[in-house]
Structure formats: C-alpha cells, structure tokens
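Everything on this sheet refers to the single structure shown next.
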Amino acid sequence: MKKIFPLLVIFLFLTGDSFSQESKYFDAPFGGGGGFTPGFIFPNLEPLNNILPAEFPKMSNKMIFTTGGSGFIYIGLIKFLRIGGGGFGGSTSKSIQSPVDNYRREVKYSIGGGGFTIEYTMPFVRIFGISVGTMIGGGSITAEIYKNRGNFSWNDLTGEFGSPSEQSGNISRRISGSYWLISPSLNIDIPVYRFVAIRVGAGYQFSLGENWTIENDQTLNNVPSDFNGKSFFIQTGVFLGFFAF
C-alpha cells in the first residue's frame, strides 16, 4: 500500500499535466462539477468582546475555519460562464473556569451563508483557470454567552425563573443575526487530473439588511454597526467534474 500511493500520485500528476497541455482552454462549453470547499473567514469580533464582563474570556480576531460545498454547470450560451450554488459555515469558542466561584464562562461565535454563484473564467489564460465571480444569497451570525457550573439537574432547570433566592446563577444569552450577502471573489482552479481540479481563491463578503434577534426571536436593538457579516475570506476546494475540452 505504501508503494502504491506514491505511484498513484505520480500517475495523476503526469496524466493531468499531459491533459492540460492538450487542452485549449481550462473551461468546457458544457458539463459541470462540484466538491468540498474548506476555507477561512476573518470576522470582526471586537464588538462582542466589548460587551463581555471582565470575568469572561475575550474572543480572538483571528481567522475562523469554515467548511462547505459548491457546485456549478456551464450554461453554454455564454462561453466561459458558469453558474451554480454553494454554502459554508464555521464557528469558534473560548471558555474559562474560574477558581474563585467555580463557574465556567464560555463564548461561542458562529457564521455561515450560502447562495447562488456566477463565475467567468478568463479566456486568455490556458492550462488552468482564473475566474472572477460572486455569491449572492443570505448569511447568519450566532453569538452565545454562557455562565454555569457545568452540572445540571432536571429538578433545577427552571430555578433561574423563580424568586431571587431560588436563582442558581446559571445565565445564557443567544444572539442571532441574518442578512443578505454579496461575496465577490477571485479564484484559481488547477486541474490535477482529467476530472479533478484544486481551487485556491479569496474575496470579500458584504452584508446588507442585518436583522438581529435574541432568545426566543425577540428583536434586539442598538447592535453596533460594525458587528456584521462583512469580512475578508480565503477559500480552497477540491472539485470533481468536467473542466476542459
């Protein structure tokens, strides 16, 4: 098995290379493809950090790993143009256990989206594809804040709703936001075999019309304007399909 794998990699490289040399252009006049599209997104988490009490851990403004998928077809009527759809999602969290009161404090942040995609591959580039495109659809953000001792009993689940003397100190908040998104991007698709291509790209996600709710879908007002879905992102992918003619 150890010998077979290197030979397989060499075979795919050589056949993919010879196939690319024979191809006039990367894109096909018909067909399509799809695959797995992991990536990274860089949201602004500072507004969330600003409302957290001092005892809570602060969220890092570093990138968040996302996973997703996308697919496309060539429409044929317009050469080098393909349409499709896709989606993505990712999350990050941070927690701390206080030795003073033994409470666990945790913050979670999740972001995701999806929609319709349209891409145009540059016809003057051969062998591999350089494409510009955009996703138009919707996205969402969820922020969760917890304070508890991590040990619950059925009989105590509603203690927080009783009189002050009966409150256990467990607190949670769940903030949700939804919006329209437009995500222009620039991508490079490299064929490694007749029906396999690897994607590397980057872009920026614009968000419009944010709608914020809290708890049981109650309206949340006065959300900072910079707490939104706008973010730079990096995307990669492994696609299976028909990419050249």
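The values are calculated or read from the model by the stated rules, or taken from the named source; none is laboratory data. For clarity, every value in this text was computed on a predicted model and none was experimentally measured. With ideal geometry, Cβ positions are generated from the backbone for all residues, glycine too; neighbour counts draw on all protein chains shown.
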Next on the checklist: Quick check on my filter: what residues within the stretch 62-79 are surrounded by fewer than 18 Cβ atoms within 10 Å (Cβ to Cβ), outside any loop (DSSP other than H, G, I, E, B) and hydrophobic (A, V, I, L, M, F, W, C)?
Outcome noted: Phe65, Ile73
Next on the checklist: Suppose the filter is at pLDDT below 95 and more than 30 Å from Phe40 (Cα to Cα); does Glu166 pass it?
Outcome noted: yes
Item to check | Where a residue in the stretch 195-216 is under 24 Å from Ser176 (Cβ atoms) and among the charged types (D, E, K, R) and its partner, wherever it lies, is part of a strand (DSSP E or B) and modelled with pLDDT of 95 or more, with Cβ under 7 Å and at least six apart | outcome: Glu210/Gly177; Glu210/Tyr179; Glu215/Arg174
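So if I check each of Asp217, Asp226, Asp189, which one is among the acidic types (Asp, Glu) and surrounded by 14 or more Cβ atoms within 10 Å (Cβ to Cβ)?
Numbers: Asp217 fails: surrounded by 14 or more Cβ atoms within 10 Å (Cβ to Cβ); Asp226 fails: surrounded by 14 or more Cβ atoms within 10 Å (Cβ to Cβ).
The match here is Asp189.
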Item to check | Residue among Asn49, Asn61 that is polar (S, T, N, Q), at pLDDT 90 or above and under 28 Å from the mean Cα position of the chain (by Cα) | outcome: Asn49
Checklist entry - Only one of (1) over 30 Å from Gly32 (Cβ atoms); (2) buried (at least 16 other Cβ atoms within 10 Å of the Cβ); (3) of a type outside the set (Lys, Arg) is not met by Asn102, so which one is it? => result (2)
Checklist entry - Applying the selection to the stretch 36-61, what residues are buried (at least 17 other Cβ atoms within 10 Å of the Cβ) and either part of a loop (DSSP other than H, G, I, E, B) or free of Cβ contacts under 8 Å to residues at least 24 places away in the same chain (or both)? => result Thr37, Pro43, Leu45, Phe56, Met59
